[in-house]
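Engineer: Sharing a structure with you now.
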Amino acid sequence: MFQSEYLKKVYAGVEARNPGEKEFLQAVREVLESLEPVVLANPKLEEQGVLERIVEPERQLFFRVSWVDDKGQVQVNRGYRVQFNSAIGPYKGGIRLHPSVNASVIKFLGFEQIFKNSLTGLPIGGGKGGSDFDPKGKSDLEVMRFCQSFMTELAKHIGADTDVPAGDIGTGAREIGYMFGQYKRLRNEFTGVLTGKGLTYGGSLARKEATGFGLCYFVDEMLACMKKESFKGKTVVVSGSGNVAIYANQKATELGGKVVAMSDSNGYIYDPNGINLDVVKQIKEVERGRIKEYVNRVKGAEYHDGCSGIWTVKCDIALPCATQNEINEESAKILVKNGVIAVGEGANMPSTPEAIAVFQNAGVLFAPAKAANAGGVATSALEMSQNSQRLSWTFQEVDAKLKTIMVNIFHNAYNAAEKYGMKGNLVAGANIAGFEKVADAMLAQGIAY
Ligand code: NDP
Ligand code: 2IT
């Protein structure tokens with residue numbers, strides 16, 4: 001619970017205004033709890049209502065997306081874009097296409113994005129969007145019609161200097177391409193309005209790899225600085241098998257780890273010889289298939305139904321890269337019992353608050369999502385820079401910048417935690433370091449009287 005009366009009041013206001021939005025409330029509570037010492041040390045935050053303002057999105061768009069399926073039938077989905085905070089730059093954040101999308105999910109993601117984007121050190125504000133549309137099982141043409149209809153409304157509210165969406169769950173290069181094409185048709189403008197674009201039309205090299213690679217750069221730095229350890233010789237478990245999971249697997253392996261398990265929402269695979277990533281890429285990126293298929297192609301591998309079972313696989317390093325709240329208290333306890341030394345969050349908010357407490361109390365190094373998965377959006381910001389300059393940088397250039405950014409984020413989070421008496425607590429450190437820059441910009445820009 002909160003010590004400060006101010007934080008109690010702010011959180012009560014968020015609860016009253018957003019009833020039942022459990023993911024959003026979870027994300028807000030965690031940040032406000034971390035900010036306790038910052039609020040005590042800076043009375044201006046209360047005087048100028050910074051926290052009341054930061055928990056309320058600047059603008060929320062909910063809209064109808066109607067499209068026609070392959071049978072000629074009309075389908076209706078709901079589209080969302082939450083433009084949360086523009087204090088330090090244009091709104092920036094992904095678009096999630098998944099049946100579980102609702103206002104609470106988009107708001108938790110948009111809220112976290114404010115602090116994550118600030119941590120990158122680049123000039124990007126926080127936003128998020130999406131729809132309850134499910135791309136799974138749809139034809140390319142159905143996906144195209146949905147994306148075009150979605151963008152027909154969204155185009156009125158975004159722009160390269162206003163709001164720059166990108167990928168997230170269910171939104172990859174195919175969806176971004178259809179959305180970009182529609183934006184260009186509607187506006188007659190070729191601008192960097194979306195990131196994660198294809199390499200032939202303004203996309204950045206290394207954006208596809210960035211979130212997973214960045215996660216491993218962060219975890220490697222955390223292991224080196226806090227435990228004089230590295231990925232070398234470690235057994236690694238990576239949940240999910242989408243964009244983030246695949247490139248986390250690739251970099252963890254390059255850094256000397258052995259990834260033995262991956263998953264999708266149906267179940268997980270275990271391969272004691274180390275997962276053959278080419279097979280996973282073929283199944284997931286090319287065929288858009290299920291992870292179960294892996295065991296038909298690789299000898300000695302096992303498939304188990306149910307995705308949470310992946311946390312029972314013994315490992316030294318766990319990288320949750322699927323979705324929110326995928327590690328609960330029980331799974332965290334099993335990981336600790338099995339000797340995990342580090343957890344790096346590739347997904348957004350994959351650990352419940354109870355799971356985080358289990359890791360922290362057991363002395364497990366814990367890299368929170370806002371900091372550890374910021375490499376994706378950081379590289380999106382590098383894509384925006386390249387688009388503005390009308391240049392493209394080499395893979396090596398972008399990858400080197402990404403690595404420097406991740407190492408800096410680790411040290412900023414570590415130092416912020418230490419400064420406020422919470423040495424080693426990267427959850428608090430990331431929240432504080434991300435918050436300070438945004439709060440400073442909000443104070444400087446005043447309130448519209
Ligand atoms: P993808 O759509 O490429 O992959 C998502 C993966 O997670 C799939 O394996 C999917 O399985 C699994 N998954 C999705 N929903 C669930 C669920 N409810 N339960 C269990 N498994 C699920 O998405 P990304 O890899 O891009 O995103 C993964 C996570 O990383 C998300 O939390 C996202 O917000 C976060 N993230 C993504 C960034 C990016 O640049 N793409 C940047 C920073 C964070 P299935 O195929 O069965 O649905
Ligand atoms: O959660 C995230 O940071 C993303 N999905 C990436 C956002 C972006 O704008 O690249």
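Engineer: What are the residues in the range 217-271 that are in contact (Cβ under 8 Å) with a residue 40 or more places away in the chain, within 16 Å of ligand 2 (Cβ to nearest atom) and in a helix (DSSP H, G or I), if any?
Structural biologist: TYR217, PHE218, ASN243, VAL244, ALA245, ALA248
Engineer: Something else about it: Taking the residues in the range 368-397 that are of a type in the set (A, V, I, L, M, F, W, C) and more than 19 Å from the chain's Cα centre (by Cα) as candidates, determine which candidate is nearest to ligand 1 (Cβ to nearest atom).
Structural biologist: So, considering only residues that are of a type in the set (A, V, I, L, M, F, W, C) and more than 19 Å from the chain's Cα centre (by Cα), the one nearest to ligand 1 (Cβ to nearest atom) is PHE395.
Engineer: Go through the range 173-195 and give me each residue that's within 11 Å of ligand 2 (Cβ to nearest atom) and either polar (S, T, N, Q) or touching a helix residue (DSSP H, G or I) at 6+ places or on another chain (Cβ under 8 Å) (or both).
Structural biologist: Hits for the range 173-195 are LEU194, THR195.
Engineer: Report, by residue number, each residue of the range 82-104 that is crowded, with 24+ Cβ neighbours inside 10 Å, over 21 Å from ARG207 (Cβ atoms) and of a type outside the set (S, T, N, Q).
Structural biologist: Selection gives VAL82, PHE84, VAL101.
Engineer: Going through the range 372-429 one residue at a time, which ones are part of a helix (DSSP H, G or I), more than 28 Å from GLY203 (Cβ to Cβ) and not polar (S, T, N, Q)?
Structural biologist: Those that are part of a helix (DSSP H, G or I), more than 28 Å from GLY203 (Cβ to Cβ) and not polar (S, T, N, Q): HIS411, ALA413, TYR414, ALA416, ALA417, GLU418, LYS419, LEU426, VAL427, ALA428, GLY429.
Engineer: Would you mind finding the one in ILE334, ILE310 that is out of contact with any His (no Cβ under 9 Å at 6 or more places or on another chain) and either of a type in the set (A, V, I, L, M, F, W, C) or within 15 Å of SER241 (Cα to Cα) (or both)?
Structural biologist: It is ILE334.
Engineer: Sticking with this structure for a sec: Going residue by residue through the range 171-180, is there one that turns out to be at pLDDT 95 or above and not in a helix (DSSP H, G or I)?
Structural biologist: yes
Engineer: Look at the range 360-371 and say how many of its residues are outside any strand (DSSP E or B) and crowded, with 21+ Cβ neighbours inside 10 Å.
Structural biologist: Qualifying residue count for the region: 4.
Engineer: Right, something else. Is it the case that the range 196-216 has a residue that's surrounded by fewer than 16 Cβ atoms within 10 Å (Cβ to Cβ), within 22 Å of the chain's Cα centre (by Cα) and either of a type in the set (Gly, Ala, Ser) or within 14 Å of ligand 1 (Cβ to nearest atom) (or both)?
Structural biologist: Within the range 196-216 (the criterion being surrounded by fewer than 16 Cβ atoms within 10 Å (Cβ to Cβ), within 22 Å of the chain's Cα centre (by Cα) and either of a type in the set (Gly, Ala, Ser) or within 14 Å of ligand 1 (Cβ to nearest atom) (or both)), the answer is yes, since at least one residue qualifies.
Engineer: While we're on this one: Being closer than 28 Å to GLU175 by Cβ and part of a loop (DSSP other than H, G, I, E, B) is the filter here; which residues of the range 272-305 pass it?
Structural biologist: Result: ILE275, ASN276, GLU287, ARG288, GLY289, ARG290.
Engineer: Out of all the residues in the range 389-403, which are surrounded by 13 or more Cβ atoms within 10 Å (Cβ to Cβ) and of a type in the set (Val, Ile, Thr)?
Structural biologist: Correct list: VAL398 only.
Engineer: Right, here's the next one. Which of (1) under 25 Å from the mean Cα position of the chain (by Cα); (2) among the hydroxyl-bearing types (Ser, Thr, Tyr); (3) not in a helix (DSSP H, G or I) does SER308 not meet, given it meets every other one?
Structural biologist: Tallying (1) under 25 Å from the mean Cα position of the chain (by Cα); (2) among the hydroxyl-bearing types (Ser, Thr, Tyr); (3) not in a helix (DSSP H, G or I), SER308 fails exactly one: (3).
Engineer: Identify the single condition in (1) away from ligand 2 (no atom under 16 Å from the Cβ); (2) under 26 Å from LEU335 (Cα atoms); (3) out of contact with any helix residue (DSSP H, G or I) (no Cβ under 8 Å at 6 or more places or on another chain) that ASP278 does not satisfy, given that it satisfies every other one.
Structural biologist: (2)
Engineer: Suppose we keep only residues that are under 20 Å from SER86 (Cβ atoms) and of a type in the set (A, V, I, L, M) within the range 147-185. Which one would you say is nearest to ligand 1 (Cβ to nearest atom)?
Structural biologist: My answer is ALA166.
Engineer: Identify the residue in the range 95-110 that is under 14 Å from PHE62 (Cβ atoms) and part of a loop (DSSP other than H, G, I, E, B) and, among all such residues, is farthest from ligand 1 (Cβ to nearest atom).
Structural biologist: Among those that are under 14 Å from PHE62 (Cβ atoms) and part of a loop (DSSP other than H, G, I, E, B), it is ASN102.
Engineer: Next question, about the same structure. Which of the residues that make up the range 339-359 are crowded, with 21+ Cβ neighbours inside 10 Å and either β-branched (Val, Ile, Thr) or in a strand (DSSP E or B) (or both)?
Structural biologist: VAL340, ALA342, VAL343, GLY344, SER351, ILE356, VAL358 - these are the residues of the range 339-359 that are crowded, with 21+ Cβ neighbours inside 10 Å and either β-branched (Val, Ile, Thr) or in a strand (DSSP E or B) (or both).
Engineer: Every residue in the range 311-338 that is assigned to a loop (DSSP other than H, G, I, E, B) and away from ligand 1 (no atom under 16 Å from the Cβ), please.
Structural biologist: LYS314, CYS315, ASP316, ASN338
Engineer: Does GLU345 meet the test of being of a type in the set (Asp, Glu), within 12 Å of ligand 1 (Cβ to nearest atom), touching a helix residue (DSSP H, G or I) at 6+ places or on another chain (Cβ under 6 Å) and modelled with pLDDT of 95 or more?
Structural biologist: yes
Engineer: Does ILE124 fit the bill of being in contact with a Pro (Cβ under 6 Å, 6 or more places away or on another chain) and touching a residue at least 40 places away in the same chain (Cβ under 8 Å)?
Structural biologist: No.
Engineer: Give the number of residues within the range 120-154 that are of a type outside the set (S, T, N, Q) and either in contact with a His (Cβ under 6 Å, 6 or more places away or on another chain) or farther than 19 Å from GLU58 by Cβ (or both).
Structural biologist: Selection size over the range 120-154: 19.
Engineer: Within the range 83-94, can you find the residues that are more than 11 Å from ligand 2 (Cβ to nearest atom) and either of a type in the set (Val, Ile, Thr) or not in a loop (DSSP other than H, G, I, E, B) (or both)?
Structural biologist: The answer is GLN83, PHE84, ASN85, ILE88.
Engineer: Related question: Under 7 Å between Cβ atoms, which residue pairs at least 6 apart in sequence (or on different chains) link something in the range 1-29 that is within 19 Å of GLY110 (Cα to Cα) with a partner that is small (Gly, Ala, Ser) and surrounded by 12 or more Cβ atoms within 10 Å (Cβ to Cβ)?
Structural biologist: GLU21/ALA103; GLU21/SER104; LYS22/SER104; GLU23/SER104; PHE24/SER104
The values are calculated or read from the model by the stated rules, or taken from the named source; none is laboratory data. For clarity, every value in this text was computed on a predicted model and none was experimentally measured. Every residue, glycine as well, gets a Cβ built from its backbone with ideal geometry; the counts of neighbours run over all protein chains shown.
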